[in-house]
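Q: Sharing a structure with you now.
The values are calculated or read from the model by the stated rules, or taken from the named source; none is laboratory data. Owing to the predicted nature of the structure, the values given are computational and were not obtained by experimental measurement. Every residue, glycine as well, gets a Cβ built from its backbone with ideal geometry; the counts of neighbours run over all protein chains shown. Accessible surface areas use protein heavy atoms only, side chains included; no ligands, DNA or RNA. Shrake-Rupley method; radii C 1.70, N 1.55, O 1.52, S 1.80 Å.
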Amino acid sequence: MSANRNSVEGQVIAGLSKLSQFLRTAQWRSGSEAGLTPTQMQLLRELAAKGPMRIGALAEAIGVAQPTATDAFEALRRKELVEKKSDPCDGRAVAAAITRRGRTMLGNSGGWADGLTAAIGGLDQTDQSSLLRGLTKIIRGLQVQRAIPVQRMCVTCRFFQPNVHDDPAAPHHCAFVDAAFGDASLRLDCGEHEVAPEPQAEAAWRRFAPAAGAKNVGASPAATNEAP
């Protein structure tokens with residue numbers, strides 16, 4: 001069922017579309033200055049953030065078909081921005097990895113999203129926290145629908161313990177670092193993320209978002225996707 005254009009859902013979708021347009025344009029400009037396509041830039045940033053990955057996992061992470069990811073990787077390899085390495089999890093397999101030259105190139109184009117960064121920085125802390133919490137719920141909802149792969153978010157992580165502290169500014173707990181934190185510190189992409197077992201993930205979601213959790217019983221993303 002499509003959202004009415006004048007409904008809250010419709011207006012949010014319109015707003016997200018405008019942000020998406022900005023990001024696409026910024027990525028295109030950043031890539032074109034370096035002689036790369038947006039897909040190649042996205043692949044390079046993914047490798048820089050997450051380390052060596054197999055092409056299949058890389059394709060899933062950036063949301064493209066594996067042949068598209070392979071073509072992008074080979075184009076980057078010809079420019080010596082990426083290379084093939086042994087998979088750290090399986091020495092018999094091959095993984096894609098970013099080179100030092102690739103990291104240098106990314107560093108030179110690191111300001112591609114500065115406009116959006118400044119706009120978000122202009123929000124007060126309450127609005128920033130609310131925005132991050134809302135995005136967390138939207139992304140998790142898309143994961144439940146299997147519309148996107150499982151992201152390395154707090155709410156799907158086995159270390160996440162939501163709303164266990166009395167402090168409203170820091171109600172959550174991360175068992176990995178053994179520290180309390182608030183919505184402003186929620187992660188949408190965390191390097192220490194480990195997918196929670198289905199019962200734990202569903203229980204954590206109910207504590208984090210009780211109203212939304214009641215609508216998604218039995219629909220944990222941990223049950224429908226593998227770890228990234």
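Q: Would you work out the relative contact order for the chain, in percent, from Cα pairs under 8 angstrom that are 6 or more residues apart? Walk me through the numbers before you get to the answer.
A: On the way: 284 pairs, mean separation 32.9, N = 228.
Worked out over the chain, it gives 14 percent.
Q: Next question. Running a GNM on the chain with Cα contacts under 10 Å, which residue among A119, A203, A147 ends up with the highest mean-square fluctuation?
A: Looking only at A119, A203, A147, the largest GNM fluctuation is found for A119.
Q: Using only C-alpha positions, report the orientation-averaged shadow area of the convex hull of segment 132-205, nm², one decimal.
A: The orientation-averaged projected area of the Cα hull of segment 132-205 comes to 4.6 nm².
Q: Got a number for the accessible area of L123? Probe 1.4 Å, square angstrom, nearest 10.
A: Rounded to the nearest 10, that gives 70 Å².
Q: Can I ask one more? Using a 1.4 Å probe on the protein heavy atoms, what percent of the accessible area of segment 41-187 belongs to carbon and sulfur?
A: Of the solvent-accessible surface of segment 41-187, carbon and sulfur hold 50 percent.
Q: Ranked from the most accessible area to the least, with a 1.4 Å probe and all protein chains present, what is the order of F73, F181? Could the numbers behind the result be given before it?
A: Numbers: F73 5, F181 25 Å².
Listed by decreasing accessible area, they come as F181, F73.
Q: Let me ask something else about it. On a full-extension model of 0.36 nm per residue, what is the gain between N4 and A179, subtracting their alpha-carbon distance, rounded to one decimal in nm? Walk me through the intermediate numbers first.
A: On the way: separation 175, 0.36 × 175 = 63.00 nm, distance 4.22 nm.
My answer for the length gained is 58.8 nm.
Q: Quick check: pseudo-label points 7 Å beyond the Cα along Cα→Cβ at T126 and R78, how many nm apart are they?
A: 5.5 nm
Q: With the chain treated as a Gaussian network of Cα nodes joined by springs under 10 Å, which of I120, I13, I138 yields the largest mean-square fluctuation?
A: Most flexible of the set in this elastic network: I13.
Q: Once you list every other residue whose beta carbon is under 12 Å from the beta carbon of V12, what net charge do they have if Lys and Arg are +1 and Asp and Glu are -1?
A: That sum, taken over residues with Cβ under 12 Å, equals +2.
Q: Right, another one. Given q = 0.18, 0.24 Å⁻¹, what are the Debye log10 I(q)/I(0) values for segment 100-165, with equal point scatterers placed on the Cα positions and solvent ignored?
A: -0.96, -1.01
Q: What is the projected area of the convex hull of the Cα atoms of segment 1-114, averaged over all directions, in nm²?
A: Mean shadow area of the hull around the Cα atoms is 8.9 nm².
Q: Pulled fully out, how much extra length does the chain show between T70 and D166, if you take 0.36 nm times their separation in residues and subtract their Cα-Cα distance? Kindly include the intermediate steps, with their values, before the conclusion.
A: Working: separation 96, 0.36 × 96 = 34.56 nm, distance 4.90 nm.
My answer for the length gained is 29.7 nm.
Q: In the Gaussian network model of the chain, springs joining C-alpha atoms below 10 Å, which of A175, A61, A72 carries the largest mean-square fluctuation?
A: Checking each option, the largest mean-square fluctuation is seen for A175.
Q: Could you tell me the accessible area of T104 in Å² (1.4 Å probe, neighbours in place), rounded to the nearest ten?
A: Around 80 Å² of this residue is reachable by solvent.
Q: Please report, in whole Å, how far the alpha carbons of the chain spread along each principal axis, starting with the longest.
A: Reported extents, whole Å, longest axis first: 53, 44, 37.
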